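Rule-based calculations on the coordinates, nothing more; no lab input. If you're wondering where the values come from, they're calculated on a predicted model, not measured in any experiment. Virtual Cβ from ideal backbone geometry, glycine too; neighbours counted across all protein chains shown.
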Amino acid sequence: MARNSRVILSKGIRMDKNYQNCLTYSEQQMVSLCTNNRVVESNDYSFIREEKNVLIVQQPYGVCLQANYLAFQNTDYSNKWFFAFIDRVEYNSPNSTKIYYTIDEFSTWWSYWEPHECFIVREHTMDDTIGANTIPEGLDTGDYVANGVQALNIDGNITYVCCACTELPTGFGNLSGGTVYNGVFSGLYYQVFRTPQDARNFLKAIDSAGKADAVYNIFLIPKNIADAASSSGTLVFSQYTAESQTWYSALLPSSDYAHTLYTTPAITHPNTLNGYVPKNNKLWIGDYNYLLVSNNVGQDYTYKYEDFINNEARFKVVGAISNGASIKVVPMNYKLLEDVAGEESLYSYCYGITAPKYPTCAWTTDPYTNWLTQNSINIAGVRIDAQSASIIAGGLSMVGGAALAATGIGGTAGVGLLASGAAGMFNSMQSNYQRDIQPLQSRGSASTGDVTYSASQMYIPCYAMTIKAEYARAIDDFLTRFGYKTNRLKLPNQLGRSIFNYVEIGKSEIIGYSKTNTLSVPAESMEIINSIYRSGVTLWHNHANIGNYSLNNTIVQE
């Protein structure tokens with residue numbers, strides 16, 4: 001029997017039998033790797049059967065102990081090389097040793113099959129721009145902290161006094177043209193005063209005229225609403241001239257819509273996550289980094305930077321003169337397709353947040369009407385309690401017939417990973433509680449508007465909220481190691497990164513099939529390869545880099 005089969009015993013080969021780390025080397029590259037790391041090589045062996053898993057080599061036991069990997073080829077029958085992990089080395093005689101091995105199915109057959117489209121659970125992305133990958137990872141984010149605050153300037157703490165009257169006596173104002181304010185009809189006539197003393201003088205004067213009952217309501221409005229109306233020609237401030245004792249009209253009729261009070265410059269996301277700069281851009285999305293806008297009276301809204309065009313948050317503040325003033329902060333070009341949204345042209349009113357109502361003032365005419373007017377605007381509106389499904393409006397409560405289901409974001413987000421190679425690490429990082437990021441929600445009562453005004457807090461703060469650096473680093477390391485959750489039918493990305501690619505497919509998926517016109521992969525070997533991908537595998541592109549996750553794993557440009 002011919003003894004032409006070749007055997008190479010190698011040392012320092014870093015792959016593992018559990019196939020957590022594999023090499024994307026061609027057959028010839030694997031041969032070169034084994035040759036460059038050989039302990040001993042011989043070509044005088046009889047036919048080696050890969051399925052027998054035992055080989056007697058004519059080498060001393062001490063020499064064979066150095067090896068952890070082998071390659072062999074039966075040259076008389078095929079040019080095919082087989083690669084194997086050395087399981088154990090057994091003394092046979094002074095000059096011969098038994099080597100027990102397990103075929104490295106992945107490296108042996110890597111060049112003989114090609115991938116097909118299948119369901120990918122996780123992999124490293126080829127597009128890591130901010131906002132391109134938003135599928136929740138389900139990882140524990142910890143508490144969120146503010147990395148800075150920016151106030152949307154509405155000049156809310158500088159106010160004028162507005163007096164709403166059912167009529168004005170002769171000489172107290174010009175009321176021609178109807179009563180339409182900011183496009184809304186009103187049966188009242190508004191008089192706006194720059195100072196409380198002007199308003200006090202007006203009340204004395206109208207009371208002396210016997211028309212005190214004509215004063216229906218008195219409330220504060222922010223200066224910039226009045227200034228915006230004045231600049232557009234719709235407002236003239238009421239003032240008292242002592243010499244002639246004449247009152248001039250304050251608010252002339254107008255059919256204008258709400259006035260734009262302020263347009264913010266672009267608000268970009270912070271440069272760090274609580275001081276940590278992530279490698280993976282997925283950490284810049286709203287799950288870990290978002291903008292919290294509050295009205296300081298218990299209502300807030302979370303905005304994700306990636307939902308704005310170019311990841312730049314812009315807002316428009318609009319206001320209208322009304323009882324207590326109506327002000328709304330509206331995001332610009334938010335959650336709109338880029339080909340639909342125009343430059344500062346479209347506003348997402350449904351995602352806006354209202355500013356707190358301004359105080360209603362007291363005056364000495366009708367005590368009951370005074371009290372009712374003073375309190376009604378600041379009584380809390382409708383509040384929905386998700387636990388009891390009760391609807392509370394003012395002081396009345398109605399219990400609903402069905403409880404509302406309180407939903408969370410965390411919890412089931414990591415189901416697809418529980419049996420994967422990332423399972424152990426994922427379980428230790430999985431979120432076990434609801435996150436702070438929620439849609440618009442009330443956490444207080446609108447009745448706090450008065451104290452908010454008294455505390456000079458009538459503005460709209462924008463908080464740059466991020467996860468803590470400790471959690472950011474842990475999540476970043478996880479994403480570096482295991483890529484992003486993908487959940488798509490596609491070709492696996494096996495070679496798209498410079499150092500390594502992680503790929504995990506669905507539990508019943510098939511990664512690929514034997515190539516045509518080449519040696520077919522045995523069915524048993526192909527099933528092992530499929531199982532490797534189902535559990536998740538890290539594909540290294542250079543043997544020297546195996547295990548070094550600190551390297552810059554850049555995207556390979558095609």
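Subtracting the Cα-Cα distance from 0.36 nm times the residue separation, let me have the gained length for Lys52 to Asp16 in nm, one decimal.
Contour length minus Cα-Cα distance gives 10.9 nm.
What's the center-to-center distance, using Cα atoms, between the stretch 280-326 and the stretch 107-166 in Å?
Using only Cα atoms, the two centres lie 13 Å from each other.
Subtracting the Cα-Cα distance from 0.36 nm times the residue separation, let me have the gained length for Val556 to Ala362 in nm, one decimal.
Using 0.36 nm per residue and subtracting the Cα-Cα distance, I get 62.8 nm.
Taking loop as defined by DSSP and a crowding limit of 10 other beta carbons within 10 Å, which GluC sites (Glu not before Pro) in the stretch 45-154 fit?
Those satisfying the criteria are Glu51.
Below 8 Å between Cα atoms, with a sequence gap of 6+, how large is the relative contact order for the stretch 23-168 in percent?
Result for the stretch 23-168 is 21 percent.
Give me the number: length gained by fully extending Thr134 to Ala469, i.e. 0.36 nm times residue separation minus the C-alpha to C-alpha distance, one decimal in nm.
In short, 118.6 nm is gained.
Of all chymotrypsin sites (Phe, Trp or Tyr not before Pro) in the stretch 462-551, which ones are in loop regions per DSSP and have a Cβ with at most 14 other Cβ atoms within 10 Å?
Here the chymotrypsin sites (Phe, Trp or Tyr not before Pro) that fit, given the DSSP loop and packing criteria, are Tyr549.
At 7 Å along the Cα-to-beta-carbon direction for both Asn4 and Phe119, put a label point, then send me their distance in nm to one decimal.
Placing both labels 7 Å beyond Cα along the Cβ direction yields 5.0 nm.
Would you mind computing, in nm to one decimal, how far apart the modelled labels at Glu312 and Thr195 are, each placed 7 Å from Cα along Cα→Cβ?
Distance between the two pseudo-spin positions: 4.4 nm.
Within the set Lys11/Lys515; Lys485/Lys515; Lys282/Lys335; Lys468/Lys507, which residue pairs have Cα atoms separated by over 27 Å?
Violating the 27 Å limit, Cα to Cα: Lys11/Lys515; Lys485/Lys515; Lys468/Lys507.
Rounded to the nearest 0.05, what FRET efficiency do Asp87 and Cys350 give with R0 = 51 Å and r taken as the Cβ-Cβ distance? Could you check?
0.20
Based on the Cβ-Cβ distance from Ser96 to Ser498, what FRET efficiency comes out when R0 is 51 Å, to the nearest 0.05?
0.70
Suppose R0 equals 41 Å. What FRET efficiency, 1/(1 + (r/R0)^6) with r the Cβ-Cβ distance, do Gln150 and Leu489 give to the nearest 0.05?
For Gln150 and Leu489, the calculated efficiency is 0.45.
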